[in-house]
Amino acid sequence: MLNLASIRAISLDLDDTLWPIWPTIDRAEAVLHAWLALHAPATAALFANPEALREIRVQVGHDRPELKHDLSALRLESIRRALSRAGDDPALAEPAFDEFFAERQRVTLFPDARPALEMLAARYPLVSLSNGNADLNLIGLAPLFKAQVSALALGVAKPDARMFQAAADAAGVRPHEVLHVGDDVLMDVLGARDAGMQTVWVNRTEALWPHPQEPDLEVANLTALCEALG
């Protein structure tokens, strides 16, 4: 159960909490493939199946562990490697990635997300906390947030407690005064709980809670969160 009196700030996960991530990635990969078809047709043909390019990303992750917290660098290097494998100019990786990245920022918010964020931002400082490479400035939500905390900037990723501490620091409060909101059981709920925060599990899919330690609150959407906060 939430201790409402102690909440002085809210941190929020982004992907699959504010918008569905895989439709976004699918669109971005389709845009990338269309660009490659025009500028690097051999690569487009060799990697016509999106899974083939994703397999290269996995391999890059194994080969370049120093990039594990930088999803943009991983994607860029995977495109460069695909171009080289197909015999196209690897220098095309940068403009190809730019096309992918721009589309990746064109997210479709869950219907409840923006109204809830506006309500929450009027009452609490909001901090985004993400392992991904979404940019709230490009998405258009940055004015609602006090700060953005990313795995890329810190060099560590959720559920590392340092991510959650950074969110508390950005909000100017202590971890136990932060309510963390997210969809992922391990990365969000258990990670934030272990860091000393109160937690909200956003369960949009009606999944069963799989862990003995429970969130302080489970909601189907962010509207329900606003209602619970009163």
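Once the other residues with Cβ under 11 Å from the Cβ of residue 90 are scored (Lys, Arg +1; Asp, Glu -1), what is the net sum? Residues near residue 90 contribute -1 overall. In degrees between 0 and 90, to the nearest 10, how far off the longest principal axis of the chain does helix 21-39 point, with axes built from Cα atoms? Helix 21-39 and the main axis of the chain meet at about 20 degrees. Sorted fewest first by neighbouring Cβ atoms within 10 angstrom, 174, 75 come out as 174, 75.
Of the residues 154, 225, 109, 36, the one with the fewest other Cβ atoms within 10 Å heads the list, and the complete ranking is 154, 109, 225, 36. Under 20 °C and 1.002 mPa s, how fast does the stretch 22-104 diffuse according to Stokes-Einstein, given a Kirkwood radius computed over C-alpha pairs? Answer in µm²/s, whole number. Answer from the Stokes-Einstein relation: 173 µm²/s. What angle, in degrees between 0 and 90 and rounded to the nearest 10, separates the Cα long axis of helix 93-104 from the longest principal axis of the Cα atoms of the chain? Rounded to the nearest ten degrees, it is 40. Once backbone amide H atoms are built at 1.01 Å from N, residue 199 has 180, 216, 217 as its partners under 5 Å, excluding neighbours fewer than 5 places away on the same chain. Taking the Cα centre of the chain as reference, the dipole from Cβ charges on Lys and Arg (+1) and Asp and Glu (-1) amounts to some 340 debye.
Result for the chain in a Gaussian network model with C-alpha springs under 10 Å: among 63, 169, 98, the largest mean-square fluctuation is at 63. In terms of other Cβ atoms within 10 Å, 19, 201 run from fewest to most in the order 19, 201.
Compared with the dominant Cα axis of the chain, that is its longest principal axis, helix 50-63 is turned about 80°. For the chain, a Gaussian network of Cα nodes joined below 10 Å ranks 133, 49, 203 by mean-square fluctuation, and the top entry is 49. 3J(HN,Hα) along the stretch 142-151, derived from phi through the Karplus expression 6.51 cos²θ - 1.76 cosθ + 1.60 where θ = phi - 60°, amounts to 4, x, 8, 10, 6, 7, 10, 10, 10, 4 Hz, with x in place of Gly and Pro.
Values in this text are rule-based calculations from the coordinates and carry no lab data. This is a predicted model, so every value here is computed, not measured. So basically every Cβ, Gly included, is an ideal-geometry build from the backbone, and we count neighbours across all protein chains shown.
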